[in-house]
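Participant: Handing you this structure, nothing more for now.
The values are calculated or read from the model by the stated rules, or taken from the named source; none is laboratory data. All figures in this text were calculated on a predicted structure; none of them were measured in a lab. So basically every Cβ, Gly included, is an ideal-geometry build from the backbone, and we count neighbours across all protein chains shown. Side chains are part of the model used for accessible areas, which takes the heavy atoms of the whole protein and leaves out ligands, DNA and RNA. Shrake-Rupley method; radii C 1.70, N 1.55, O 1.52, S 1.80 Å.
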Amino acid sequence: MSLRLYDTLTKEKRPFTPLDPKNVRMYVCGPTVYDFAHIGNARPVIVFDLLFRMLRYIYGPDQVTYVRNITDVDDKINDRAARDFPGLPLNDAIRAVTEKTADQFQTDVEALGCLPPTFQPRATDFVLPRADGKTDMVTLIQQLIARGHAYEAAGEVLFDTESMPEYGALSGRKLDEQQAGARVAVDAHKKHPTDFVLWKQSSAEEPGWESPWGRGRPGWHIECSAMAEAYLGQTFDIHGGGLDLIFPHHENEIAQSRCAHGTQAMANTWMHNGFLQVEGEKMSKSTGNFVTIRELLNDWPGEVLRLNMLKTHYRSPIDWTVKGLEESARTLDDWYWVAADSKGGHPANKVIDALSDDLNTPQMIAALHLLRNSAAAGDEKDRGKFAASLRMLGFLSESAAEWAARKQQGGGVDAAKIDSLIADRTDARANKDFKESDRIRDQLAAMGVTIKDSKEGTSWEIAR
Ligand SMILES: [Zn+2]
C-alpha cells in the first residue's frame, strides 16, 4: 500500500511522499462565517477529513498537522452584522455574527463525523504582527513589497502578477489572455488587470487595523497564506479546497507565499473536490434548492450525509438527491446491524487500498459491501474488519441499538421498511433459510420491532 494523490498543479496522480513523515502537513480553506454552511460547503470538510484520517492511519495520529482556517473578516460579514445587530457597535456586531456562525459550523461538521483539525486559526488573529512571532499578514505584505512583488496604488496594496513568471500555472490561465478580455477602466490603478488586493483601506464604518498603509483590512487571499505559514511553514505537503477556489484564490495564495520568500512551492500537492448540485440543478438561493447542513441534519443522521457524500469520488461532480439519501440511510441501517457493535479488528486491506488510490471511495464502498456480505454470512473475522473499517472512516459513532432507537424518535416508524423486511423473512422461511429469517428477526429487534407469527401471518409492534 502506498498513497497516491492527484495533484491539480501537475495534473498527475503520483505517490505521496511527505516532506517530514514525522509531521505531515495539510491546509484546507475553511468557511467564511456569516451564515449557515450549505451542503456544498460540507464536501471539502468531509473529503479532507477522510484524507486526514487516512494520513493518521499511515503516519500515526500524532504525526499529522491539519489546519483549517476560519475567515472572520469579509465584507459579507460586515453586511450581515449591520443587518442582524443594528444596535451594536460594528466591531461587537461582527464578533457576534462570526462567533455564532463559527459555533454553528463546528456543531454541523462534528455531526458529519469529522474530526476537529489540529488547528483552526481565525483570520483576525493573524492580521498584525503577533507576540508569538507566528507569520502575520502585515509582515507578509511588507516582505512582498520589499522583494518587488507588490505595490501601493490608490490606497491599496496590490500584488504585481507580472512579477511572477509562473503566475497562472495552477489554473492554466495566461496573463496575456486575461489582458485581452479585461475591462481596464474599472481597474485603472492596477498595473495589470489580474493584480489583486493584499490590503485595502477601511472607512470608519468598516473593520480595520492600523498598518503601514493606513487603517485598513486584508484581502481574502493573504489570510490563507499567513495562516498556512504560521502553522505549517513556508512549504508544506497538501493544500486542499473546492474546485471553485482554484482561481483566483489558490492561484493567488501560491503567488503570495512563494514570492514572499522566493520558494519553489507553497504546497507539494494541490487537491480539489468537485462541484455539488442538488436534484440535478446548481444550488442557488433564488431557485429554492439551497440546502444547509443544518436543515439536512434535522431530517437525517450526520452519518447518512457523510456516506452519501463519499459514494461519489471526490473529484467528480456530485448530484445530491433525496433518493440518494434514502439509499444511503438504508445502507447504514444494514451496516449498523451487520457490524453489530463488533469491537477489535483492523481496517480491511481492500478498504485501505481503495483509499490509497487517490481516495477512491466508490471502490472503498464496494469493498465494504463485500465485507458486509461475508460478515452477514457468519465470518466473525470479517465482521471485526468491517466494523473497524467503518470506525476508521468516521461511521459507527453509536451502538446499533442507539442507531435504531434514534431513527425511531427522529423520523417515526418506517412501516414500509418493516413490512418489506417481514416479507423478506416470510420468503426466507418458505425457502427454509432459517439463518436468514433469524437474521431479519434480529434486525427488526434492533429496530425495536417485535414480531408475532400466527396462522394469519406475521404481525408486528414497536417495543417501547
Ligand atoms: Zn484559502
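Participant: Restricted to segment 27-76, and to residues that are more than 30 Å from residue 202 (Cα to Cα) and acidic (Asp, Glu), which residue is most open to solvent (accessible area, probe 1.4 Å)? Steps first, answer last, please.
Facilitator: Filtering segment 27-76 down to residues more than 30 Å from residue 202 (Cα to Cα) leaves 39-40, 42-66.
Among the residues that remain, those that are also acidic (Asp, Glu) are: 49, 62.
Values: 49: 2, 62: 134 Å².
That would be 62.
Participant: Just wondering, is there one or more residues in segment 81-98 that are in contact with a Gly (Cβ under 9 Å, 6 or more places away or on another chain) and either within 28 Å of residue 281 (Cα to Cα) or crowded, with 18+ Cβ neighbours inside 10 Å (or both)?
Facilitator: Taking segment 81-98 and keeping what is in contact with a Gly (Cβ under 9 Å, 6 or more places away or on another chain), we get 93.
Right, trim to either within 28 Å of residue 281 (Cα to Cα) or crowded, with 18+ Cβ neighbours inside 10 Å (or both) and you get 93.
Checked against the condition, which is being in contact with a Gly (Cβ under 9 Å, 6 or more places away or on another chain) and either within 28 Å of residue 281 (Cα to Cα) or crowded, with 18+ Cβ neighbours inside 10 Å (or both), segment 81-98 yields at least one hit.
Participant: Go through segment 193-216 and give me each residue that's open to solvent by less than 50 Å² (accessible area, probe 1.4 Å), in a strand (DSSP E or B), out of contact with any helix residue (DSSP H, G or I) (no Cβ under 9 Å at 6 or more places or on another chain) and on the phi < 0 side of the Ramachandran plot.
Facilitator: Hit for segment 193-216 is 216, nothing else.
Participant: Against the definition (among the aromatic types (Phe, Trp, Tyr) and not in a helix (DSSP H, G or I)), how does residue 460 come out, yes or no? Quick ask: steps written out before the conclusion?
Facilitator: On the way: among the aromatic types (Phe, Trp, Tyr): yes; not in a helix (DSSP H, G or I): yes.
Taking the combined requirement at face value, the residue satisfies it.
Participant: For segment 311-365, name all the residues that are assigned to a loop (DSSP other than H, G, I, E, B) and among the hydroxyl-bearing types (Ser, Thr, Tyr). I'd like the intermediate steps shown before the answer.
Facilitator: First, the residues of segment 311-365 that are assigned to a loop (DSSP other than H, G, I, E, B): 311-317, 321, 340-348, 358-360.
Scanning segment 311-365 gives 312, 314, 316, 321, 342.
Participant: Does residue 127 fit the bill of being surrounded by 20 or more Cβ atoms within 10 Å (Cβ to Cβ), over 30 Å from residue 46 (Cα atoms) and modelled with pLDDT of 95 or more?
Facilitator: Working: surrounded by 20 or more Cβ atoms within 10 Å (Cβ to Cβ): yes; over 30 Å from residue 46 (Cα atoms): no; modelled with pLDDT of 95 or more: yes.
For residue 127, the condition - surrounded by 20 or more Cβ atoms within 10 Å (Cβ to Cβ), over 30 Å from residue 46 (Cα atoms) and modelled with pLDDT of 95 or more - is not met.
Participant: Further question: Would you confirm whether any residue within segment 242-259 is of a type in the set (Val, Ile, Thr) and buried (at least 22 other Cβ atoms within 10 Å of the Cβ)?
Facilitator: If we filter segment 242-259 for residues that are of a type in the set (Val, Ile, Thr), which is where we start, we get 246, 254.
Keeping just the survivors that are buried (at least 22 other Cβ atoms within 10 Å of the Cβ) gives 254.
Looking for residues that are of a type in the set (Val, Ile, Thr) and buried (at least 22 other Cβ atoms within 10 Å of the Cβ), one finds at least one in segment 242-259, hence yes.
For (1) crowded, with 16+ Cβ neighbours inside 10 Å; (2) of a type in the set (S, T, N, Q); (3) at pLDDT below 95, each residue gets a yes or a no:
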| residue | (1), (2), (3) |
| --- | --- |
| 218 | yes, no, no |
| 237 | yes, no, no |
| 264 | no, yes, no |
| 268 | yes, yes, no |
| 282 | no, no, yes |
| 293 | yes, no, no |
| 298 | no, yes, yes |
| 307 | yes, no, no |
| 318 | yes, no, no |
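Participant: Could you tell me whether segment 220-231 includes any residue that is in the same structural domain as residue 38 (by TED's automatic domain parsing), within 14 Å of the ligand (Cβ to nearest atom), closer than 22 Å to residue 6 by Cβ and open to solvent by less than 40 Å² (accessible area, probe 1.4 Å)?
Facilitator: Our first condition is that a residue be in the same structural domain as residue 38 (by TED's automatic domain parsing); within segment 220-231, this holds for 220-231.
With the extra rule that they be within 14 Å of the ligand (Cβ to nearest atom), the set shrinks to 220-231.
Of the ones still in play, those that are also closer than 22 Å to residue 6 by Cβ are 224, 228.
Restricting the remaining residues to those that are open to solvent by less than 40 Å² (accessible area, probe 1.4 Å) gives 224, 228.
Checked against the condition, which is being in the same structural domain as residue 38 (by TED's automatic domain parsing), within 14 Å of the ligand (Cβ to nearest atom), closer than 22 Å to residue 6 by Cβ and open to solvent by less than 40 Å² (accessible area, probe 1.4 Å), segment 220-231 yields at least one hit.
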